[in-house]
Amino acid sequence: MRIMDIYSKDGDETIRAAVIGTCRLVRPLNKLRECNGAEVDGVKVIWAHSGFAHSIHDALQWISILNLEKEIPTELVPLIYGKSHEDSIGIKNKAEIQKGKELVESIDIFLIEVSTKNRVYTNEFDLNSDYLTKHFVRPGGLTLLDWWSKVCQGGSYSKEELEHLLKSVSKLHLAFPNYLESILSQCKRTNETNVEVLNAIEYLKNQIPNSQCIIVANPDTSNINFTSFLAYESTEKESFRFLDPNALIQNFEPEEVFMGEGKDTNHYNESFEEQMGEYIRDFLFSNNQCTYVVIVSDFITAKTIPASSDGVILENKNILFEPQGNEFVTVQLRGKTINVQGWFKFSFELEKGILGEHYSPILKDSTSKEFTQMHETVVHGNSFFDCVVWLDRRSEHFLEIKLKLNLSEDSKLKMMNVQLEPLEDSFPKPIHSVQEPLNRFNPCVIPTDVPLLEIELPDLTRSNGTGGITIPEISEGDSPLLEISLELRCTSDEGVGIRLFNGHNWTAEIAEIGTDFKKILISEQIDNCTQQKPRINFINYSKGTKIQIKDYSIR
Amino acid sequence: MNRQEIKEIIEKAIRTETEYEGDIDGKMTANEIDGWDSLAHVRIIFRIDHHLGTQVDLNATYATNTITDLIELFVNEAD
């Protein structure tokens, strides 16, 4: 843990930062001291104490220690600060902490790396897992390794087993005579949920009301769901800022960034540390709330329903298969991680004439019940199909495309340039529709200053008029009081009427909208909701009318 | 101890610490084995060290990619 004065590049400004994390945070900042050509030192370490932090609870404990609310007993110092008993601790350590306490009020920013959701703790103390294994488990040999494995795997010891364990470990004469029993009996390892870590961050923020808080992510991409969750929460709530080192790392090859020829993702190369230090400094002095890398993995497998006897080839975003004489074919695509939620554009290209006439492909996200009609654009004789779809964060995604083929064409079918891309700065909320047999949901994202979501209303000559925007998260039997706020306009001078289906009946027309934006508030008590879910329904409009939604919320 | 014996010790340590019951292939990485997180990694290395009488540098183990790489590291260490 460090308290550092960090200087802006021109040396005119200073930020005093408490730096709590691992070598991935401290070493790059230390490197700023050695920046070539800098007119002044990049950083000045005001106060330093041995020991690093992995979890948000390690960081919280550091703040308690600094505030003199918690004192680490001498015997546990090696498991929290990493110092061995041979180092001079005790009185010297207390004096160091007191000096740190005197600096707390002057700290502008707490810069905290949360590198794990694992927490290792006893009833009173959070223990550093690296120090615990080094100073306690390893010297204890197989007996303590078996104990530690059981703790990590969530196992527990009976009273008799614990007494037996204590007796055997006591014979090892480890350096923890007074705390041996409490470590062995109380030590737990938990893997916290994203929300539990977020709650701990919010708690930490309350402990430092006069300072900013910046959370720094672990660059290991296996933490992708956790990282994207924190990035989202940081952007939404703005109670803490968030820095994902991958926003810089993505511009380099792994061997340039990490030790062990790019394989040791726990440690940056010394040559990269300076660049990371500069990157962290730039973020500190900026007004950026959050830096973050959007990851949408390419599709990795494809199959068809009914199955193609020769299989399906997926290569360079192209899909090749033999339809086997079936008029309707569903192509199922599987991709890995999506670490953002929002509207995505899905598109592909076909040679003209491959599909049956007057037919547009339909897209379905496998986790939703909704079918989305794709738009067709013909360019140089080829058909380009695209649509937008709302997707949330997930470690694996499946999309299905239903095609109606023109069977008189060649037997092989090639879908080209199959792509899924996130739409930046698009309408920020999901909107889903109630499907009708002859009308598909057909949204369109309009990227204006305030992004809009445009929906073409169903053709009433083909529709039974019962569709609309579904109200999410209401189950059969629920009786919520719905408060809906909707700001929208339509594209037709003839206007559009709005009513609500409350799970039993249609209300009368609640409001009418025209071509100017209008805010509509709907309050309706839902009584024992049926299988027919509540929805916002549109009436009294002419063919081809579209609505454009500016804002939408439901409580 | 020969390479095959070392390989068996390593596979056993991985299974003990991760409770993984599927097939283990030399080309696999830690990410492909359920339960192999940072804490399990340290325990796996300690357990192998204990059985082989070695004491490898943990940082060197982080720089291994596949299980075969890990086996090679311990084969060299046990020489």
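Assorted remarks:
- Proxy reagent accessibility, fewest Cβ within 10 Å first, across A:MET276, B:MET1: B:MET1, A:MET276
- Computed from point charges on the beta carbon alone (+1 for Lys and Arg, -1 for Asp and Glu), the dipole magnitude for region A:46-197 about its Cα centre is near 380 Debye.
- Since only A:THR14, A:TYR541, A:TYR157 are under comparison, the one whose Cα sits farthest along the positive direction of the charge dipole of chain A, derived from C-beta charges on Lys, Arg, Asp and Glu, is A:TYR157.
- The simple spin-label model puts a point 7 Å past each Cα toward its Cβ; for A:ASN178 and A:ILE539 those points are separated by 7.8 nm.
- Lys, Arg +1 and Asp, Glu -1 on Cβ, resulting dipole of the protein assembly as shown about Cα centre, debye, nearest 20: 960 debye
- For the protein assembly as shown, the equivalent ellipsoid derived from the Cα gyration tensor has semi-axes of 53, 32, 25 Å, listed largest first.
- Per DSSP, loop GluC sites (Glu not before Pro) in region A:175-258 with at most 12 further Cβ within 10 Å: A:GLU238
- Environment charge at B:GLY35 (Cβ cut-off 9 Å; Lys +1, Arg +1, Asp -1, Glu -1): -4
- Each peptide among A:147-154, A:24-31, A:530-537 gets the average number of other Cβ atoms lying within 10 Å of its residues, and from highest to lowest they stand as A:24-31, A:147-154, A:530-537.
- Pairs of Lys residues in region A:299-422 are counted when their Cα atoms are under 18 angstrom apart and they lie 8 or more places apart or on different chains; the count is 27.
- For the pair A:LYS336 and A:LYS188, the difference between a 0.36 nm per residue extended length and the Cα-Cα distance amounts to 50.0 nm.
- Calculated [222 nm] ellipticity per residue, helices only, for chain A: -6500 deg cm²/dmol; basis is -39500 (n - 2.57) per DSSP H run with n ≥ 4, divided by all residues, nearest 500.
- Magnitude of the charge dipole for chain B, about its Cα centre and with charges confined to Cβ atoms of Lys, Arg (+1) and Asp, Glu (-1), is about 140 debye.
- Counting Lys and Arg as +1 and Asp and Glu as -1 over every other residue whose Cβ lies under 11 Å from the Cβ of A:TRP148, the net charge comes to +3.
- Positive contributions from Lys and Arg (+1) and negative ones from Asp and Glu (-1), summed over other residues with Cβ under 13 Å from the Cβ of A:LEU165, come out at -1.
Laboratory data are not the source of any read-out in this text; all were calculated from the coordinates shown. Predicted model only: the values in this text are computed from it and were never measured. As a convention, Cβ positions derive from the backbone with ideal geometry for all residues, glycine included, and neighbour counts pool all protein chains shown.
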